[in-house]
Amino acid sequence: MQRIIPMMTLIFLVFVQLPAVKADELSDLKQQVENQNRALLQLQRRITGLETEEKEGTGLPDSIKWIENVKISGDFRYRHEHLDEQQSNGRWDDGVDRDRIRARLILEAIINDEWDVVFRIASGSDKSPISTNQDLEDAFSKKDLWLDLAYFTWHPEAHEGLNVFGGKMKNVFYRAGKNELVFDSDLNPEGIAAQHVTSLSKIDQLFLNGGGFWVDENGSGVDTSLWGAQAYWKHTIGNPEYLLAGASYYDYGNLQGRSNLAGTWGPSTSFFGNTNSGGVYSSDYDIFETFGEYGFECAGLPLAVFGSWVQNIAASSSQDTGWLVGGKLNKAKAPGSWELSYDYRDLEADAVVGGFTESDFLGSRTDSKGHKFGFKYQLAKNVQAGLIYYHLEDISNSSLERDYRRLQTDLIFKF
C-alpha cells in the first residue's frame, strides 16, 4: 500500500504537467507555420510580379519599349554570272563574266492592332525598278542604297480578310508559280491597293486584288498610271493537292504617245522590245491575263505545274500575245533539301510593257522566247545555293533569231 501511493502520486504529477508542455510546443509550432505562410505569400507575390512584367514588357525602359513591336530581317546574295550573246553575223562573242551582290534590309513595325508600316532598303547599280543587283566594279568604290519599300498596311478587325496598302509596296497581284511574264519579282509599284480573301467553304477560297498606281508624274501634262484588278479561286483537295485558276486586267493610262519609261530612271532610250515611232510608244497597253496552277504529289514529292496567257487588247500591232508554262518539283527548305524548276515562255513585242517583265530574261525585253531552268539546294538553316540557266532567243529580227545564254550561280543568306 505504501508503494502504490507514491506511484499514483507520480502518475498524477505527470498528467498535470503534460498539458502545459504540449501547449508551449503547439504555440511555437503555430508561430513557425505563420512565419512560413508569410514567406510563401511574399514569394508568390514576387513570382506574379515577374510574370506580369514579362507579359507587359515592363522589363524594358519606357523610352525603348517600341522595340518589342519592330521586326528586322533581310538577306544577302552573292552571284557569279556568265552571259553569251549571238551577234548579228551569227557568231558568238567571248562572253561576259561578272560578280554581283544583292543586300536588302527590311523593318516591319506594328503601330496597333490594325495598322503596320514597312520600310526596306536595298542595293542596286541604278534606279531600275526591276533589279537590286550591284555589280562589283569601279575600283572598290562605295555602293548605293535605295529606298525599295515604304508603305502602310491596314487590316481592320471589323473586316476579316481585308488588307489595304499605301505607298511603295510589294506587288499585290498573284503570279502563278511566281512566274515573271508580266511583272518582275523585284517590281514594287507605288500607289494604293487592296487584297481580300473570302472562304466559300472549308476547301474553297476566293481572292480579290486591285489597285491604282502612279507610273510617272508629268508636271506639264497627264500622268501615266496603272490600274489593275484580279480575281482567282483556290480549291484545296488535300495536302499538297490543290487547284487554282484566275484572271487579271491591267490598264495603263496615257502610255501611248509618251517617251520611253526607262528614261525616267536613267539615260536610256530603250523601249525594251515594245514598238515605237519617233521616240514614243506606238501602242497603248490594256492587258488581259488568265492563269492556272495545279499542285499535287509525285513520287512522294510536291509538284506544281502552272501557266499564264496574256493579250494586250489595245495593241496597235498584231504582236500582242504572250504565254508561259512551267513547273516546280520539291521545296528547298530544310537543310539537305532541294528544288527544281522550269518554265518556257513566248512573249511578242507588245504583249506586256517591256522593262517591267523579268529583268534576267533577255534584259526585260519583249519579242523573246526561251527556256529557264532552276535548281536550289538548302546548305544549312538560312543558307541556300542556287543555279539558274537561261537559253533564249531574240525574235525581234525575223530573218535572224539570235540566241542568248545566261548562267547564274548564287549563294543566299537570310536572317
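A few remarks follow.
- Filter result (of a type outside the set (Lys, Arg), closer than 17 Å to residue 307 by Cα and crowded, with 21+ Cβ neighbours inside 10 Å) within segment 342-360: 343, 347, 348, 351, 352, 357, 358
- Where residue 216 falls short, out of the listed (1) at positive phi; (2) in contact with a helix residue (DSSP H, G or I) (Cβ under 7 Å, 6 or more places away or on another chain): (1)
- Number of positions in segment 385-415 that are among the polar types (S, T, N, Q), open to solvent by 30 Å² or more (accessible area, probe 1.4 Å) and under 25 Å from residue 101 (Cβ atoms): 1
- Qualifying residue in segment 284-293 (condition: out of contact with any Phe, Trp or Tyr (no Cβ under 8 Å at 6 or more places or on another chain) and within 28 Å of residue 131 (Cβ to Cβ)): no
- When the residues of segment 164-186 are filtered to those that are among the basic types (Lys, Arg) and closer than 15 Å to residue 361 by Cβ, the one that is nearest to the chain's Cα centre (by Cα) is 178.
- Total residues in segment 234-265 satisfying the condition of being acidic (Asp, Glu), closer than 19 Å to residue 217 by Cα and either in a loop (DSSP other than H, G, I, E, B) or open to solvent by less than 40 Å² (accessible area, probe 1.4 Å) (or both): the figure is 0.
- Residue within segment 3-25 that is part of a helix (DSSP H, G or I), modelled with pLDDT of 70 or more and open to solvent by less than 70 Å² (accessible area, probe 1.4 Å) present: no
- Figure legend. Inter-residue proximity from segment 94-109: first residues at negative phi and open to solvent by less than 70 Å² (accessible area, probe 1.4 Å), second residues of a type in the set (A, V, I, L, M, F, W, C) and not in a strand (DSSP E or B), beta-carbon distance below 7 Å, spacing 6+ or different chains. Indicated pairs: 99/136; 100/136; 101/136.
The values are calculated or read from the model by the stated rules, or taken from the named source; none is laboratory data. Just so it is clear, the structure is predicted and the values come from calculations on it, not from any experiment. Glycine also receives a Cβ, built like all others from the backbone with ideal geometry; neighbour counts cover every protein chain displayed. Ligands, DNA and RNA are stripped out before the accessible areas are found, and what is left, the full protein with its side chains, is counted by its heavy atoms. Shrake-Rupley method; radii C 1.70, N 1.55, O 1.52, S 1.80 Å.
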